[in-house]
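Nothing in this text is a laboratory measurement; each read-out follows from the coordinates by a stated rule. Quantities reported herein were computed from a predicted structural model and do not represent experimental measurements. Cβ: placed from backbone, ideal geometry, glycine included. Neighbour counts: every protein chain shown.
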Amino acid sequence: MANSAESKAPLPRKRLFVTLMGITCLIVVAAIFLAWWIPNRGLANIHPKLPHIVGIIMVVLSGTAILGTGLLVLTTALGKDIFLTRFMRLVVIKFLLPVIELVGRVMGLDKDRIRQSFIAMNNSLVTSQRMRVKPDRILVLLPHCIQLSACEIKVTGDVLKCVQCGRCSIKNIVALGRKYAIDISVATGGTLARKVIVEKKPNLVLAVACERDLTAGIKDCYPLPVIGILNERPSGPCFNTIVDVSVVETVLKGIIRLDDRSEMLPA
Ligand code: SF4
């Protein structure tokens, strides 16, 4: 029964976000060029050298946009913290995402596809920092809908109340928590999730949720690094959702500090 509560959903891919980032970069460069070219004549009237000076500034701005995009793509492609990865995460989360969502909307792309790609890009930037976090500084945050709706036990607040019947993903996630000695919380919404984070003060959050909640959570939590894993919704949104526990474990293995991993408990 336990296996029926697991899915084989892969981690989201970042390709779409990278493509939209490239398109956004081209739009920005074109806008910078037009902003220089259109009033060029007027500038010459003020001073003959002014078009050249403004032109140089515009070239620097365009170069920064192109180099920044290139660096971002290279960082996620190589999975290495090449340069300013933390700052790039800020740029992606706070500035690029709203612009890319707008570009995607104009192109008629599905919102959730863009969000999936954003989550993948964010995950890639977080993991490229190659952080090693002590197990007690990692928080696994689950949505309430991952618990079987027919279960009479209330695991919100204390996931260890689960009696491990195996009818939903909670059983295996609790086993994972015991194995790696990490904290697991189930939150009924964004407000409670924020409260849990404030109370537990983790160094890294591994969050399971839908595209919308993960995107909002990643934005709200910055600069706290969040790795997002999408849940599966075979019964529709917010009802009896599922997570692939093997994916959660793979991510955990990649971030737990080695010294502490040797102290893991048997599952
Ligand atoms: S695994 Fe735990 S939370 Fe899920 S249905 Fe069984 S007792 Fe309830």
**Q.** Long-range HN-HN contacts of Ile229 with modeled amide H, under 5 Å
**A.** Ala207, Val208, Ala209
Q: Quick one: of Lys14/Lys171; Lys80/Lys134; Lys94/Lys154; Lys14/Lys154; Lys111/Lys154, which pairs are farther than 28 Å apart, Cα to Cα?
A: Lys14/Lys171; Lys94/Lys154; Lys14/Lys154; Lys111/Lys154
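May I ask you to work out the translational diffusion coefficient for segment 15-128 at 37 °C, viscosity 0.692 mPa s, via Stokes-Einstein with Rh from the Kirkwood sum over Cα pairs, reported in whole µm²/s?
213
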Q.
Suppose every Lys and Arg Cβ carries +1 and every Asp and Glu Cβ carries -1, with no other charges. What dipole size does the chain come out with about its Cα centre, to the nearest 20 debye?
A. 400
Q: May I ask for the Rg/Rh ratio of the chain, computed from Cα atoms with Rh as the Kirkwood radius, given to two decimals?
A: 1.09
Q) Got a sec? How would Leu204, Leu50 order by Cβ neighbour count within 10 Å, fewest to most? A) Leu50, Leu204
Q. Which helices pass in the chain if a helix is a full DSSP H run, must span at least 30 angstrom along its long axis by Cα, and must have mean Kyte-Doolittle hydropathy not below -0.5?
A. 15-37, 50-78
Q) For Cys168, Cys25, what ranking results if the residue with the fewest other Cβ atoms within 10 Å of its Cβ goes first? A) Cys25, Cys168
Q. Per-residue HN-Hα couplings for segment 145-155, Karplus 6.51 cos²θ - 1.76 cosθ + 1.60 at θ = phi - 60°, whole Hz, x for Gly and Pro?
A. 5, 7, 7, 4, 5, 7, 5, 8, 8, 9, 8
